[in-house]
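Notes for the one structure printed next.
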Amino acid sequence: MESLSESPSKQEIELLPYGEKYHPYHNKYVDFWRQSLADPMRFWDERARELVWYRTWDRVLDDSNPPFYRWFVGGETNVNLNALDRWMNTHVANKVAYYWEGEDGTTRVLSYRDLFREVNKFARALQDLGVKPNDTVTIYLPMIPELPISMLAVTRIGGIHSVVFSGFSPSALADRIVDAKSRVLITADGYWRKGKVVELKKNADEGVRLAEERGAKVDKVIVVRRLGNQVAWNEGRDVWYHELVSKYPENTYVKPVPRKADDVLFILYTSGTTGKPKGIMHSVGGYMVYVYNVFKWNWDIRPEDVHWTMADVGWITGHTYIVYGPLLNGATEVMYEGAIDYPQPDRPWQIVERYGVTIFYTSPTALRMLRQYGDEWVKKHDLSTLRILGTVGEPINPDVWKWYFEVVGRGKCPIVDTWWMTETGAAMIAPAPGISLVQLKPGSATFPMPGIEADVLDESGKPTPPGVKGYLVIKRPWPGMLLGVWGDPERYVKTYWSRFPGYFYPGDYAVKDEEGYFWLLGRADEVLKVAGHRIGTAELEDTLIKHPAVAEAAVIGVPDPIKGEVPVAAVVLKAGYRPSEDLKKELIDMIRTNIGPIATPQAILFVSKLPKTRSGKIMRRLLKDIMEGRPLGDTTTLEDPTAVDELKRAWDEFK
Ligand code: ATP
Ligand code: MG
């Protein structure tokens, strides 16, 4: 760490804690941001020129057919050129690209050169199997190096990948194969999860069977051998990955296929927190330019950094912050296969210590889980290499933020809370220590990224005054934006561009404070309206989670004849605490004092788990369906169906 002592942000970090009034660098960031908006075409033109292209663009932005904005039109490139090829004649070639660790303790280290070779061999193999530019390839792999290798091999030959999270059921896989019209599937024999073998090939076989029943045709299933467990084999259709690539010499080279900047790089389905997942399409040029820059800005990335995004590549967080962001920056990334609390709750801290992780990025749901196990698990490890901590996925409760800052970061690491979504490609509102760190406030994602103009509007589309809640909007196109929804252009226009004409509508509820900081308050459709007051679910949950007995909480509004709506809370207690009437009363009192008597919950239901998506987000819409007695909406992305049954029982008992 000595070599960092001269660097500006080491100095900035020492200026924390976050509570200090005006950080001296605050204005430096805001100045940079203002400049980026003053001449955005020039700004993005310059950013894009830092990368390698086969042909430069004729126009930075084609906005002739809104909202189908197209970036860097006329430009041609391939993401491989920038993520792999351009490093081969530099010192990065022999640098570690991935430190991989299996749940069972197996490890692998891949340099950029190793990755380049693997990708080239597999790219040639895919070509020889008949995969052509613009073909979609579905990738259903666990967190093993072959996952990024497959993504890069597909994009290298001009194909489009659709990664399906390996924890998804055969039926969810089938839906995605059918929707994406994939004829090739890449999967594995199995993987470890909480000490048990997950028989992935079995799920893949069943998924393909269902997909074919639903009209798809899958010609080839490529199987990576991760565990060596027994698998069923479909002769003629199934091929082993290792047998396939071993046919090609180490120096196999496939020229990255030139792609138009506005071609599709990949499809990825959203997590399904609010409804049926949407196939989000990202572009070859815009996504690459945005992700390359935002990764740098968020993490102040330096050559010696070891970055670890503790998420699954099956989500956008993994696409951007495990695969494309690090590789485009020549950074070293950690990739971990298994459960974060296996075999013990200190697994993440052990990994940080082992690889000397300097930047650690995870989600509030993971942090709430790790916090619940107690501080001793964290304090057992030497985490002194950490210099920046990040979070994404849900609003982070200020209490959890402080725990992260104080216990994990020893009061020294800024918390980079990144607000964004599958549709945006990379972070949109977040601190940018890579430019200049601003004064932090626990629970605020701070300011928009360079080139991003955001605001908070009321029902009628007028900006809300400071401190008044409203709907978050993005006021101009940006390179990382989605191209559209796969196969459904109308849904694209309707979902994102119709609520406030001319603006991108994420569907999130937010507030801007007096100093212009953004606070994200959860889903706009999850706002409660109690006796005319609009209360975000996040505000109530933040209060509940302050209680020492509470591990997690989810609040929704149920209809009430007098007040319009009243809150109902589902609460999960930390280990060692038991539900009681006294505890209920304490929680209700906390809400009455912190928010006001108007927000008094009608019921507090103690449960052992909350219904969550596979990506760990609380599915409040299911709570609402249960409590309003409706049939449950799309549940294909639900993590554990028993959570729903438990809630139903608790609610029926209450009634
Ligand atoms: P679906 O669109 O299918 O309902 P989803 O919205 O959960 O699923 P994602 O794209 O994975 O799918 O998640 C994006 C959403 O996550 C955002 O709209 C926002 O609600 C939430 N989110 C992400 N990061 C943050 C953050 N830092 N703070 C608050 N909320 C966040
Ligand atoms: Mg969404």
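The values are calculated or read from the model by the stated rules, or taken from the named source; none is laboratory data. For clarity, every value in this text was computed on a predicted model and none was experimentally measured. Cβ atoms come from the backbone with ideal geometry, glycine included; neighbour counts cover every protein chain shown. Please note that ligands, DNA and RNA were not included when accessible areas were found on the heavy atoms of the full protein model with its side chains. Shrake-Rupley method; radii C 1.70, N 1.55, O 1.52, S 1.80 Å.
For this structure, a couple of remarks:
- Residue tally, condition part of a strand (DSSP E or B) and away from ligand 2 (no atom under 16 Å from the Cβ), over segment 457-477: 3
- Val197 falls short on exactly one of the conditions (1) open to solvent by 20 Å² or more (accessible area, probe 1.4 Å); (2) within 22 Å of the chain's Cα centre (by Cα), and that condition is (2).
- Filter result for Ala232 (within 15 Å of the chain's Cα centre (by Cα), open to solvent by 30 Å² or more (accessible area, probe 1.4 Å) and modelled with pLDDT of 95 or more): no
- Count of residues meeting criterion [open to solvent by 10 Å² or more (accessible area, probe 1.4 Å) and of a type in the set (Gly, Ala, Ser)] in segment 302-329: 1
- Hey, Gly286 at pLDDT 95 or above, in contact with a Phe, Trp or Tyr (Cβ under 9 Å, 6 or more places away or on another chain), assigned to a helix (DSSP H, G or I) and among the small types (Gly, Ala, Ser) or not: yes
- Residue under evaluation His161, criteria (1) within 25 Å of Ala261 (Cα to Cα); (2) without any contact (Cβ under 8 Å) to a residue 40 or more places away in the chain; (3) not basic (Lys, Arg), criterion not met: (2)
- All positions within segment 93-118 that are in contact (Cβ under 8 Å) with a residue 24 or more places away in the chain and aliphatic (A, V, I, L, M): Val96, Ala97, Leu110, Leu115
- Val239 vs. criteria of a type outside the set (Asp, Glu), open to solvent by 30 Å² or more (accessible area, probe 1.4 Å) and either within 16 Å of ligand 1 (Cβ to nearest atom) or over 21 Å from Leu115 (Cβ atoms) (or both): yes
- Candidates Val154, Val96, Val119, Val163, filtered to the one that is open to solvent by 10 Å² or more (accessible area, probe 1.4 Å), closer than 19 Å to Gly325 by Cβ, in contact with a helix residue (DSSP H, G or I) (Cβ under 9 Å, 6 or more places away or on another chain) and modelled with pLDDT of 95 or more: Val96
- Verdict on Pro345 being over 19 Å from the mean Cα position of the chain (by Cα), more than 16 Å from ligand 1 (Cβ to nearest atom) and under 21 Å from Val52 (Cβ atoms): no
- When restricted to residues that are under 24 Å from Gly279 (Cβ atoms), in contact with a strand residue (DSSP E or B) (Cβ under 6 Å, 6 or more places away or on another chain) and β-branched (Val, Ile, Thr), segment 317-334 contains 1.
- Candidate set: segment 200-218, residues that are open to solvent by 50 Å² or more (accessible area, probe 1.4 Å) and free of Cβ contacts under 8 Å to residues at least 40 places away in the same chain; chosen: the one nearest to Leu126 (Cα to Cα): Lys217
- Within segment 491-517, the set of residues being touching a residue at least 60 places away in the same chain (Cβ under 8 Å), under 16 Å from Thr464 (Cβ atoms) and within 13 Å of ligand 2 (Cβ to nearest atom) comprises Pro506, Asp508.
- Residues that are under 19 Å from the mean Cα position of the chain (by Cα) and either in a loop (DSSP other than H, G, I, E, B) or within 13 Å of ligand 1 (Cβ to nearest atom) (or both), drawn from segment 478-495: Trp478, Pro479, Gly480, Met481, Leu482, Leu483, Val485
- Residues in segment 547-564 that are over 17 Å from Gly596 (Cβ atoms), surrounded by fewer than 22 Cβ atoms within 10 Å (Cβ to Cβ) and touching a residue at least 12 places away in the same chain (Cβ under 8 Å): His547, Pro548, Ala549, Ala551, Val558, Pro559.
- Answer residue from segment 260-272, given it is open to solvent by 10 Å² or more (accessible area, probe 1.4 Å) and either within 12 Å of ligand 1 (Cβ to nearest atom) or over 15 Å from Gly487 (Cβ atoms) (or both) and is farthest from the chain's Cα centre (by Cα) among those: Lys260
- Of all residues in segment 57-68, those that are over 13 Å from Tyr492 (Cα atoms) have Cβ atoms under 9 Å from Cβ atoms of residues that are acidic (Asp, Glu), 6 or more apart or on another chain, in Trp57/Asp45; Trp57/Glu76; Val60/Asp45; Asp62/Asp262.
- Highlighted here would be strands (runs of 3 or more DSSP E) found entirely within segment 349-424 that include at least 2 residues which are open to solvent by 20 Å² or more (accessible area, probe 1.4 Å) and more than 12 Å from ligand 1 (Cβ to nearest atom), but there are none.
- Test: residue in segment 7-21 that is over 29 Å from the mean Cα position of the chain (by Cα), modelled with pLDDT of 55 or more, surrounded by fewer than 18 Cβ atoms within 10 Å (Cβ to Cβ) and in a loop (DSSP other than H, G, I, E, B): no
- Residues of segment 417-444 classified as hydrophobic (A, V, I, L, M, F, W, C) and away from ligand 2 (no atom under 16 Å from the Cβ), total: 6
- Residue among Leu520, Leu528, Leu540, Leu544 that alone is surrounded by fewer than 23 Cβ atoms within 10 Å (Cβ to Cβ), more than 16 Å from ligand 2 (Cβ to nearest atom) and among the hydrophobic types (A, V, I, L, M, F, W, C): Leu528
- Residue pairs whose Cβ atoms lie under 8 Å apart, sitting 6 or more positions apart in sequence or on different chains, and linking a residue in segment 274-296 that is under 18 Å from Ala331 (Cα atoms) to a partner that is open to solvent by 10 Å² or more (accessible area, probe 1.4 Å) and hydrophobic (A, V, I, L, M, F, W, C), are Met288/Leu51; Val289/Leu51; Val289/Trp71; Tyr292/Leu51; Phe295/Ile301.
- Residues that are acidic (Asp, Glu) and either in contact (Cβ under 8 Å) with a residue 60 or more places away in the chain or touching a Lys or Arg at 6+ places or on another chain (Cβ under 7 Å) (or both), drawn from segment 394-426: Glu394, Asp399, Glu423
- For segment 290-326, the set of residues classified as assigned to a helix (DSSP H, G or I) and over 26 Å from Arg176 (Cβ atoms) consists of Tyr292, Asn293, Val294, Phe295, Lys296, Trp297, Asn298, Trp299, listed by residue number.
- Which listed residue is over 19 Å from Gly484 (Cα atoms) and either open to solvent by 30 Å² or more (accessible area, probe 1.4 Å) or among the aliphatic types (A, V, I, L, M) (or both), from Asp58, Asp62: Asp58
- Any hit, segment 595-605, residues being at pLDDT below 90 and under 24 Å from the mean Cα position of the chain (by Cα): no
- Count of segment 442-453 residues, restricted to those that are touching a strand residue (DSSP E or B) at 6+ places or on another chain (Cβ under 8 Å) and either open to solvent by 10 Å² or more (accessible area, probe 1.4 Å) or not β-branched (Val, Ile, Thr) (or both), is 8.
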